[in-house]
1. In nm, give the distance between the simple-model label positions of Ala60 and Arg236, each being 7 Å from the Cα along the Cα-to-Cβ direction.
2. Across segment 158-172, in residue order, what do the Karplus-derived ³J(HN,Hα) couplings come to in whole Hz, using 6.51 cos²θ - 1.76 cosθ + 1.60 with θ = phi - 60° and x for Gly and Pro?
3. Tabulate in residue order the Karplus-calculated ³J(HN,Hα) for segment 268-284, using 6.51 cos²θ - 1.76 cosθ + 1.60 with θ = phi - 60°, rounded to whole Hz; enter x for Gly and Pro.
4. Sequence-distant or interchain residues sharing an amide H contact under 5 Å with Val98, placed H: which?
5. Based on the Cα atoms of the chain, what semi-axes does the equivalent ellipsoid have, where each is the square root of 5 times one gyration tensor eigenvalue, given in whole Å with the largest first?
6. Calculate the spin-label point distance for Arg127 paired with Thr87, positioning each point 7 Å from the Cα along the beta-carbon direction, and give it in nanometres.
7. Show me the ranking of peptides 140-151, 229-240 by mean Cβ neighbours inside 10 Å, starting with the highest.
8. Using mean Cβ contacts within 10 Å as the protection proxy, how do 257-264, 25-32 order, highest first?
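Taken together, the values in this text are just the output of simple stated rules run on the coordinates, not laboratory data. Note that the coordinates shown come from a computational prediction; the quantities given were computed from them, not determined experimentally. A quick note on method: Cβ atoms are made from the backbone with ideal geometry, for glycine too, and the neighbour counts reach across all protein chains shown.
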Amino acid sequence: MTPPRNPPAILIMGPTASGKTALAMALADRFPVELISVDSAQVFRDMDIGTAKPDAATLARYPHRLIDLISPEESYSAARFRADALTAMAEISAAGKVPLLVGGTMLYFRALLQGLAELPQADAALRAEIDAEAATEGWPAMHAKLAALDPSTAARLHPTDSQRLQRALEICRLSGRPMSELLAESAQQKPPYDFLSISLLPSDRAVLHKRIERRFDEMLLDGLDEELAMLRRKYRLHPDLPSMRCVGYRQMWEAQDGLCSKPEMRNRGVFATRQLAKRQITWLTNSFEAENFDCLDPALTENVGARAEAFLKS
């Protein structure tokens with residue numbers, strides 16, 4: 001006797017500005033799916049423009065779970081995402097629908113699919129020590145230190161990715177072992193679902209870069225400056241919070257504090273968003289087993305729709 005099939009679930013993964021949300025909504029028009037956001041920035045309330053969060057009318061028509069969960073003063077983790085996502089998926093499946101998870105936070109997708117390693121808790125004193133070293137030597141030097149301790153992790157981190165470098169060094173020093181080794185030992189258990197994993201990759205990165213530039217300019221026209229000013233009035237924020245480290249908000253904060261001009265802020269924001277997309281594409285090509293679709297193909301929706309239909313009928 002063949003074992004019963006696991007309930008289906010669809011993943012739509014892609015870099016920023018690849019058209020993930022539009023594709024997910026098109027699939028929601030056609031199939032009995034419910035959307036779950038996989039976005040580490042859209043979990044923050046009141047951060048709408050800079051996170052490209054769907055507007056109220058769109059969310060009313062296409063509800064997204066795991067949006068607007070916490071204050072910008074708070075932090076959200078991959079572990080919490082995994083728990084929240086699995087709860088939402090179970091509820092959607094129990095209602096006879098299909099969970100459709102859409103977003104660009106690759107760490108969250110990996111946590112969902114592969115579980116989480118048992119890593120040591122954060123140590124404030126050690127983090128302060130690492131930050132002090134970085135202030136003296138620079139983050140590229142800290143990256144070199146990590147490469148000596150954990151070459152595998154260092155190879156996938158940018159030399160100026162201070163947040164992740166700090167955590168990787170902290171884990172090495174607390175545990176005496178590389179973070180990559182601890183991750184490899186984690187329970188690599190996929191949730192009890194049959195997944196259709198869709199990866200949106202650009203056939204021409206220059207076109208994606210133009211999309212990114214256009215979208216960042218639209219955020220500025222829509223009032224990113226005013227949104228951040230409102231956030232700073234409403235909440236107790238500082239530039240090292242995860243919310244304020246999000247691309248766009250970080251650069252706008254610097255401009256509001258007079259650390260750069262508005263034109264320079266715009267250029268920095270576009271550059272940072274392109275770098276984010278590059279990291280997302282690297283994750284997609286190296287860390288996931290997914291079916292690749294060209295996000296620039298005019299027939300993208302038709303092609304993915306046909307694949308989703310075959311998957312749900314199988």
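1. With each label placed 7 Å out from Cα toward Cβ, I get 3.6 nm.
2. 6, x, 10, 7, 4, 5, 6, 4, 4, 5, 5, 5, 4, 5, 4
3. Once rounded to whole Hz, the list reads 5, x, 5, 4, 5, 5, 5, 5, 4, 4, 4, 5, 4, 5, 4, 4, 4.
4. Val33, Glu34
5. Whole-Å semi-axes of the equivalent ellipsoid: 32, 26, 19.
6. In this crude label model, Thr87 to Arg127 measures out at 2.3 nm.
7. 140-151, 229-240
8. Going from most to least packed, we get 25-32, 257-264.
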